[in-house]
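The values are calculated or read from the model by the stated rules, or taken from the named source; none is laboratory data. Note that this is a predicted model, so its numbers are computed, not measured. No Cβ is skipped: glycine too gets one built from the backbone with ideal geometry, and neighbour counts run over all protein chains shown. Please note that ligands, DNA and RNA were not included when accessible areas were found on the heavy atoms of the full protein model with its side chains. Shrake-Rupley method; radii C 1.70, N 1.55, O 1.52, S 1.80 Å.
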There are 2 protein chains.
Amino acid sequence: MSMQRIGWIGTGVMGASMCRRLMDAGYTATIHNRTREKAEPLLARGAAWADTPQAAAENSDVIFSIVGYPRDVREVILGPTGALAGAHEGATLVDMTTSEPSLAEEIASRASQRSVTSIDAPVTGGDIGAKNGTLSIMIGGDEQTVRFLEPFWSALGSKWIRHGGPGAGQRAKLANQTLVGMNMIGICESLLYAHRAGLDLNAVLESISSGAAGSWALSNLAPKIIRGDFAPGFFVEHLIKDLEILLDECRRMNLHLPGVELAERLFNEVAAQGHSRDGTQSLIFALAKMNGEDWHAAVKT
Amino acid sequence: MSMQRIGWIGTGVMGASMCRRLMDAGYTATIHNRTREKAEPLLARGAAWADTPQAAAENSDVIFSIVGYPRDVREVILGPTGALAGAHEGATLVDMTTSEPSLAEEIASRASQRSVTSIDAPVTGGDIGAKNGTLSIMIGGDEQTVRFLEPFWSALGSKWIRHGGPGAGQRAKLANQTLVGMNMIGICESLLYAHRAGLDLNAVLESISSGAAGSWALSNLAPKIIRGDFAPGFFVEHLIKDLEILLDECRRMNLHLPGVELAERLFNEVAAQGHSRDGTQSLIFALAKMNGEDWHAAVKT
């Protein structure tokens, strides 16, 4: 079997870069996206268009998907014109969306009834990691299949780890998102306090960022908060989705995580203030508003 | 003026290493500690002993202090046999304890009435930073005096920043401690979720520690939680002290920081479980207990 034919469903910022890396590595891609327009650059480079996820799957050995929400994953894989309906026996589905562990289990189970293997493989590393092939890929599913897919992992990521059976990749990603949410609360509260205390925020950052308080987010996102740059690296609405998936999992497990619960509440507050499509660093607006501060005005002084 | 004679009050783990660095740099030290025993190694290297902070100050141009709690700072500096009572006109007090900004202001004010200058200069970098002279020093107080003290800062730290007048060093340190507390909640909730989800914790750490979830604490303290090592790098009871100072400041400022309030509650819970003198990573026990888990048993399986 050649394994050269891939299907790719979802050509957003992440998906487009990732699919392109596989095409550059020599794979022939049939692609589908909800809005065809976003797929044009890949079509111009030789990808074939498919009108449905089902059609993208029909001629492919491995069908990747990276879409928005769990409901989108359900539709593009399990829906009436979804990838599973088109996948041939022995094909592999690889969903790279950050989605529900329980949905990953359901997909794997329904796929196996049709002799199709399903792997969940969400990533971290953002748009830059997607472009440069330096993602960290968290994988759940059949061990042999995961090994078999190594050429793909190595084209997309600099690190890939199988965390267990179906859903385990999603669970590892949720552990990651816990920290993404919590670290941001810490940064925003720290900066808000320092601002109220009359300190120069850049000087504070210089003092604290290389020690025990240091984090990727402090080095990369706190400077944006200070200079008033709220452009999205990672959308507030996507982090809310992830935190809500995590809290659903927690309810099922009878697990009470007060920090995550606080994060979910605060990010929903900032979304309600109109920041859904801003970067997660805009969390500062929720904490500022709660305290009668106007952060935009604050950073302009 | 020679500036070669220093007083040093507080020879605990941090203080002993820091004083020793100054002695190695050529300064003559007169030292005081609540329990003389802990000062013995420095006395053996040629430091002079003083029975009181006042006596340590009498023959010194610069008098450093690094003790436990704000009440200890008050006693060793402002008490009847405190350093201020012994300091000569033109001397400088440098308190390096993490303490109350308002107390630093009060000390500076009372010192100036006696023509003594007081500087607050708490540090981060831990015992290793103290030993190697790689601390980050956060400084508040008179600008000219801070410049004048540069030989001391450079012997003790690899980074020193003046954040403003009296109390500003303490306020910058509180911004740091906000992150120390919050990052730890994130780590513990992430690991507890991953454990409940049946994942291999070391594999999860490997997947998430170098990306957007990464932090100093994740790289340095999460592995200790996983292998069951709760020896103190930084005591739970000291972080509680810092968070309570911060919340006192916040109340004065009408500042509501829900994350810090949660951290203060959780660290107090773990202290009540008997972990006051364990490292901050023992926070996992509070979250585990709340969820009916026995973390010691969990990490042994």
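Check whether at least one residue in the range A:131-153 is within 8 Å of chain B (Cβ to nearest Cβ), without any contact (Cβ under 8 Å) to a residue 24 or more places away in the chain, acidic (Asp, Glu) and open to solvent by 50 Å² or more (accessible area, probe 1.4 Å), and report yes or no. The answer is no; no qualifying residue exists. Residue pairs whose Cβ atoms lie under 7 Å apart, sitting 6 or more positions apart in sequence or on different chains, and linking a residue in the range B:94-117 that is within 22 Å of B:Gln177 (Cα to Cα) to a partner that is among the aromatic types (Phe, Trp, Tyr), are B:Val94/B:Phe64; B:Met96/B:Phe64.
Results for (1) more than 7 Å from chain B (Cβ to nearest Cβ); (2) closer than 30 Å to A:Ala108 by Cβ, shown as yes or no for each residue.
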position: A:Thr178; (1), (2): no, yes
position: A:Gly181; (1), (2): yes, yes
position: A:Glu189; (1), (2): no, no
position: A:Tyr193; (1), (2): no, no
position: A:Gly211; (1), (2): no, no
position: A:Ser215; (1), (2): no, no
position: A:Lys224; (1), (2): yes, no
position: A:Gly233; (1), (2): yes, no
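With respect to the conditions (1) touching a Lys or Arg at 6+ places or on another chain (Cβ under 9 Å); (2) at the interface with chain A (Cβ under 8 Å from one of its Cβ atoms); (3) more than 27 Å from A:Arg252 (Cβ to Cβ), B:Leu199 lacks only one, and its number is (3). Could you tell me which residue of the range A:164-176 is farthest from the other protein chains (Cβ to nearest Cβ), considering only residues that are open to solvent by 10 Å² or more (accessible area, probe 1.4 Å) and under 15 Å from the mean Cα position of the chain (by Cα)? Among those residues, the one meeting the criterion is A:Lys173.
Can you confirm whether B:Arg227 is of a type in the set (Lys, Arg) and in contact (Cβ under 8 Å) with a residue 12 or more places away in the chain? Let's see the steps before the verdict.
Working: of a type in the set (Lys, Arg): yes; in contact (Cβ under 8 Å) with a residue 12 or more places away in the chain: yes.
Yes; evaluated as a whole, the condition is true for this residue.
Any residue that is on the phi > 0 side of the Ramachandran plot, open to solvent by 40 Å² or more (accessible area, probe 1.4 Å) and within 11 Å of chain B (Cβ to nearest Cβ) - is there at least one of those in the range A:276-298? Walk me through how you get there before you give the answer.
Within the range A:276-298, the subset on the phi > 0 side of the Ramachandran plot is A:292.
Subset that is open to solvent by 40 Å² or more (accessible area, probe 1.4 Å): A:292.
With within 11 Å of chain B (Cβ to nearest Cβ) added as a condition, the list becomes A:292.
Looking for residues that are on the phi > 0 side of the Ramachandran plot, open to solvent by 40 Å² or more (accessible area, probe 1.4 Å) and within 11 Å of chain B (Cβ to nearest Cβ), one finds at least one in the range A:276-298, hence yes.
Checking A:Gln113, A:Gln54 one by one, the residue that is more than 14 Å from chain B (Cβ to nearest Cβ) and surrounded by fewer than 18 Cβ atoms within 10 Å (Cβ to Cβ) is A:Gln113 and no other.
Look at A:Glu206 and say whether it is within 10 Å of chain B (Cβ to nearest Cβ) and touching a strand residue (DSSP E or B) at 6+ places or on another chain (Cβ under 7 Å). Write out each step before concluding.
Working: within 10 Å of chain B (Cβ to nearest Cβ): yes; touching a strand residue (DSSP E or B) at 6+ places or on another chain (Cβ under 7 Å): yes.
For A:Glu206, the condition - within 10 Å of chain B (Cβ to nearest Cβ) and touching a strand residue (DSSP E or B) at 6+ places or on another chain (Cβ under 7 Å) - is met.
Restricting A:Ser215, A:Ser219, A:Ser158 to those that are assigned by TED's automatic domain parsing to the domain that holds A:Glu100 and in contact with a Ser or Thr (Cβ under 6 Å, 6 or more places away or on another chain) reduces the list to A:Ser158.
Quick check: is even one residue across the range B:79-92 assigned by TED's automatic domain parsing to the domain that holds B:Leu22, open to solvent by less than 30 Å² (accessible area, probe 1.4 Å) and closer than 20 Å to B:Arg171 by Cβ? No, there is no match, as no residue in the range B:79-92 is assigned by TED's automatic domain parsing to the domain that holds B:Leu22, open to solvent by less than 30 Å² (accessible area, probe 1.4 Å) and closer than 20 Å to B:Arg171 by Cβ.
Please go through the range A:31-44 and pick out each residue that is under 19 Å from A:Pro80 (Cα atoms) and open to solvent by 10 Å² or more (accessible area, probe 1.4 Å). Selection gives A:His32, A:Asn33, A:Arg34, A:Thr35. Taking the numbered list (1) open to solvent by less than 30 Å² (accessible area, probe 1.4 Å); (2) over 21 Å from B:Glu89 (Cβ atoms) in turn, B:Trp8 passes all entries but (2).
Only residues that are aromatic (Phe, Trp, Tyr) and modelled with pLDDT of 95 or more were counted across the range A:207-234, and they come to 2.
Among the residues making up the range A:181-231, those that are open to solvent by 20 Å² or more (accessible area, probe 1.4 Å), touching an Asp or Glu at 6+ places or on another chain (Cβ under 8 Å) and among the aliphatic types (A, V, I, L, M) are A:Ala197, A:Ala231.
Of the candidates B:Asn254, B:Asn268, the single residue that is of a type in the set (S, T, N, Q) and facing chain A (nearest Cβ under 8 Å) is B:Asn254. Residue count for the range B:269-285 under the criterion of being among the aliphatic types (A, V, I, L, M) and without any contact (Cβ under 8 Å) to a residue 60 or more places away in the chain: the result is 3.
With respect to A:Ala47, determine if the residue is buried (at least 22 other Cβ atoms within 10 Å of the Cβ), small (Gly, Ala, Ser) and not assigned by TED's automatic domain parsing to the domain that holds A:Cys250.
Here the answer is yes, as A:Ala47 does meet what is asked.
Comparison of A:Ala39, A:Ala44 shows that the only residue that is farther than 20 Å from A:Thr117 by Cα, without any contact (Cβ under 8 Å) to a residue 12 or more places away in the chain and among the hydrophobic types (A, V, I, L, M, F, W, C) is A:Ala44.
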